[in-house]
Amino acid sequence: MYIKFIGAAFLIVAGCMSGKEISSNYLNRLRQLEEIKKTIIFICGEIKYNNSNLDYVFTKIYKNSIEFRKEFLESVVKDLNGKTEREITDVWCENVEKEIKTKTSLEASDLNDLKDMGNLLGITDKDTQINNINLYLEKIQLQIDNLEKEKDKKCRLYKTVASMFGLLIVITII
């Protein structure tokens, strides 16, 4: 009899914890998109105002980065030696796939947008690069705005549904 109650309590707690985890992933995605936006703004500024080449820009950003950006940029900077501008964009895309995909809460659409933006770095003139970066920044800002707008509602929903699912399993088993 006590084992049933202990098992039931365990299932309900597991449901609550899974809801918190899903909610946490949602909030992490929002925070990581904001960090990526800051990084891209910095890249744009370096290209636009300092007329810097990409290997210098990535090295400079890497030195000032935190969290997942630091690991990503470290792997990009490590592979930069002697690369042309076009090869640098290939390094960017490879590392988006390798580093960011595995270590973040970003969705596939976020990663594809980031790779697409990286593909256009270094292969066009400065003005076109800046226009492409600005287009990406608008796109990422829309994503951030949508996530912010729905943050409270979705986080509450994830927690409630997961808790109710745990309760449903308990009711079904008992």
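Listing for the model above:
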| read-out | value |
| --- | --- |
| Residue that is most open to solvent (accessible area, probe 1.4 Å) [pool: residues in region 40-55 that are under 15 Å from residue 88 (Cβ atoms) and in a helix (DSSP H, G or I)] | 55 |
| Residue match in region 110-125 (condition: open to solvent by 80 Å² or more (accessible area, probe 1.4 Å), in a helix (DSSP H, G or I), touching a residue at least 24 places away in the same chain (Cβ under 8 Å) and not small (Gly, Ala, Ser)) | no |
| Those residues of region 18-56 which are over 16 Å from residue 139 (Cα atoms) and without any contact (Cβ under 8 Å) to a residue 24 or more places away in the chain, in sequence order | 21, 24, 42, 45, 46, 49, 50, 52, 56 |
| Sole exception among (1) open to solvent by less than 70 Å² (accessible area, probe 1.4 Å); (2) modelled with pLDDT under 75 for residue 59, by number | (2) |
| Unmet requirement for residue 133, which otherwise passes all of (1) among the hydrophobic types (A, V, I, L, M, F, W, C); (2) at pLDDT 85 or above; (3) surrounded by fewer than 19 Cβ atoms within 10 Å (Cβ to Cβ) | (3) |
| Counted residues, region 56-70 - those being in a helix (DSSP H, G or I) and out of contact with any helix residue (DSSP H, G or I) (no Cβ under 6 Å at 6 or more places or on another chain) | 5 |
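The values are calculated or read from the model by the stated rules, or taken from the named source; none is laboratory data. Please read all numbers here as calculations on a predicted model, not as lab measurements. Virtual Cβ from ideal backbone geometry, glycine too; neighbours counted across all protein chains shown. Protein only, heavy atoms only, side chains kept; ligands, DNA and RNA dropped before computing areas. Shrake-Rupley method; radii C 1.70, N 1.55, O 1.52, S 1.80 Å.
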